[in-house]
Amino acid sequence: MGNKNIKQVAVVGAGAMGSQIAMVCALAGYPVTLQDIEQQSIDKAKVFLDEQMNRRVEKGRFTREEVDNAFDRLSFTVNLEDLSNANIVIEAIIEKLDAKRELFAKLDKIVANDTILATNSSTIVSSKIADVVSHPENICNIHFFNPVLVMEMVEVVKGPHTSDETAQASMEFVKSIHKTPVLLKKEISGFIANRILGKLMDEAVYLYENGYATHEEIDLVCKKALNHPIGPFALMDLTGIDVNYFVRMQRFNESGDENDKPSRIVTEKVEKGELGKKVGKGFYEYDEKGIRV
Ligand SMILES: NC(=O)c1ccc[n+]([C@@H]2O[C@H](COP(=O)([O-])OP(=O)(O)OC[C@H]3O[C@@H](n4cnc5c(N)ncnc54)[C@H](O)[C@@H]3O)[C@@H](O)[C@H]2O)c1
């Protein structure tokens, strides 16, 4: 068990998550290929990672040599065929089931019979994808948290199709990149952290929408009474209010339960384009450097 020999890593999707996942793996010593369909995303990822790593060198968290060596191990491509020698592929593309299914079907024709195919999806369980590949036993969820360069936790989720070998090898792999994995023995949409966080968000939004307190006050209570490092509204701004919206729409589409739909205030924010920190306005306002004003 857990004896899959991982020598070469591939990450698909060079966005917020994929770029950092690739960097973390390269820092841990793995040769990594980061693929994206958009050259523009790759160019952005390079600039972003450069900035992030320079900052860490300045703060003394890594030496210049460690970072340079990690960048030497990291290659970028727009061709999926370049991932053919990967022992593990971590998918971090757009959160749309059809796009993920299409990608995994393509990967199936490119990678070896025993390559682990993992999805970093925030909500989609791997059994929704497993039927498009010829070796479903190699598929599981490996769910990182944002920002991946900072957050230690990773949830590994074993679907009914996932072999023990794949689950154990994924756990070992996560440890080898200096993260702390937890194995979910059965699939459930949203996994552990986001399900618990979702309940907290729901209650915060309920209290706000019904006029019990302002969003600033609710955030303050979570920080000062519950010792949370950040309040639920500031957190929604950070991750993107649209992410909350799409997660809830996905859940509603799966369950058909009206209660699973996005809340009124979240829907309003998305309609107005007030998506959070990335656009300068969400529940709070931000200057061009992303500092709250
Ligand atoms: N943002 C978060 O906080 C967070 C946290 C945990 C998990 N996730 C999950 O990670 C995944 C990626 O999220 P993100 O925030 O990095 O998204 P993002 O929009 O920042 O990046 C997605 C990238 O995927 C690329 N892409 C789209 N389709 C592709 C394809 N077919 N092949 C190759 N590249 C493709 C896009 O060009 C883009 O660069 C999603 O499944 C999301 O649910 C996100």
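Where helices (runs of 4 or more DSSP H) fall entirely within segment 225-280, those with at least 2 residues that are in contact with a Leu (Cβ under 9 Å, 6 or more places away or on another chain) and in contact (Cβ under 8 Å) with a residue 40 or more places away in the chain are at 241-255. Only one of the listed residues (ILE142, ILE124) is at pLDDT 95 or above and either crowded, with 23+ Cβ neighbours inside 10 Å or part of a loop (DSSP other than H, G, I, E, B) (or both). That residue is ILE142.
For ILE291, state whether it is under 22 Å from PRO147 (Cβ atoms) and in contact with a Lys or Arg (Cβ under 8 Å, 6 or more places away or on another chain). Here the answer is no, as ILE291 does not meet what is asked. Within segment 49-60, the residues that satisfy the criterion of being surrounded by fewer than 19 Cβ atoms within 10 Å (Cβ to Cβ) and under 23 Å from the mean Cα position of the chain (by Cα) are ASP50, GLU51, GLN52, ASN54, ARG55, ARG56. Within the bounds of segment 96-105, is there any residue that is under 30 Å from ASP242 (Cα atoms) and either more than 16 Å from the ligand (Cβ to nearest atom) or among the hydroxyl-bearing types (Ser, Thr, Tyr) (or both)? For segment 96-105, residues under 30 Å from ASP242 (Cα atoms) and either more than 16 Å from the ligand (Cβ to nearest atom) or among the hydroxyl-bearing types (Ser, Thr, Tyr) (or both): absent. Take ASP50 and decide whether it is out of contact with any helix residue (DSSP H, G or I) (no Cβ under 6 Å at 6 or more places or on another chain), over 23 Å from GLN168 (Cα atoms) and within 16 Å of the ligand (Cβ to nearest atom). Here the answer is no, as ASP50 does not meet what is asked. All of ALA45, ALA26, ALA92, ALA22 fail the test of being touching a residue at least 40 places away in the same chain (Cβ under 8 Å) and near the ligand (Cβ under 10 Å from one of its atoms), apart from ALA92.
Scanning segment 72-102 for residues that are in contact with an Asp or Glu (Cβ under 9 Å, 6 or more places away or on another chain), more than 20 Å from ASN253 (Cβ to Cβ) and buried (at least 16 other Cβ atoms within 10 Å of the Cβ) turns up PHE76, THR77, ASN87.
The residue that is surrounded by the fewest Cβ atoms within 10 Å (Cβ to Cβ), among those in segment 157-190 that are in a loop (DSSP other than H, G, I, E, B) and among the β-branched types (Val, Ile, Thr), is ILE188. Could you tell me whether segment 120-129 includes any residue that is more than 14 Å from the ligand (Cβ to nearest atom) and either in the same structural domain as VAL247 (by TED's automatic domain parsing) or under 27 Å from ILE37 (Cα atoms) (or both)? Yes, because at least one residue in segment 120-129 is more than 14 Å from the ligand (Cβ to nearest atom) and either in the same structural domain as VAL247 (by TED's automatic domain parsing) or under 27 Å from ILE37 (Cα atoms) (or both). Can we say LYS46 is in contact with a Phe, Trp or Tyr (Cβ under 8 Å, 6 or more places away or on another chain), charged (D, E, K, R) and more than 23 Å from HIS135 (Cβ to Cβ)? Yes, satisfied.
Working only within segment 185-202, note down all residues that are within 27 Å of ALA26 (Cβ to Cβ) and not aromatic (Phe, Trp, Tyr). ALA193, ASN194 - these are the residues of segment 185-202 that are within 27 Å of ALA26 (Cβ to Cβ) and not aromatic (Phe, Trp, Tyr).
So which of VAL205, VAL247, VAL221 is at pLDDT below 90 and either under 24 Å from PHE145 (Cβ atoms) or not assigned by TED's automatic domain parsing to the domain that holds LYS96 (or both)?
VAL247
Go through (1) within 10 Å of the ligand (Cβ to nearest atom); (2) buried (at least 21 other Cβ atoms within 10 Å of the Cβ) for VAL32 and report which single condition fails. So the condition that VAL32 fails would be (1).
The values are calculated or read from the model by the stated rules, or taken from the named source; none is laboratory data. Because the structure is predicted, anything quoted here is derived from the model rather than measured. FYI the Cβ positions are ideal-geometry reconstructions off the backbone, even for glycines, and counts take in every protein chain you see.
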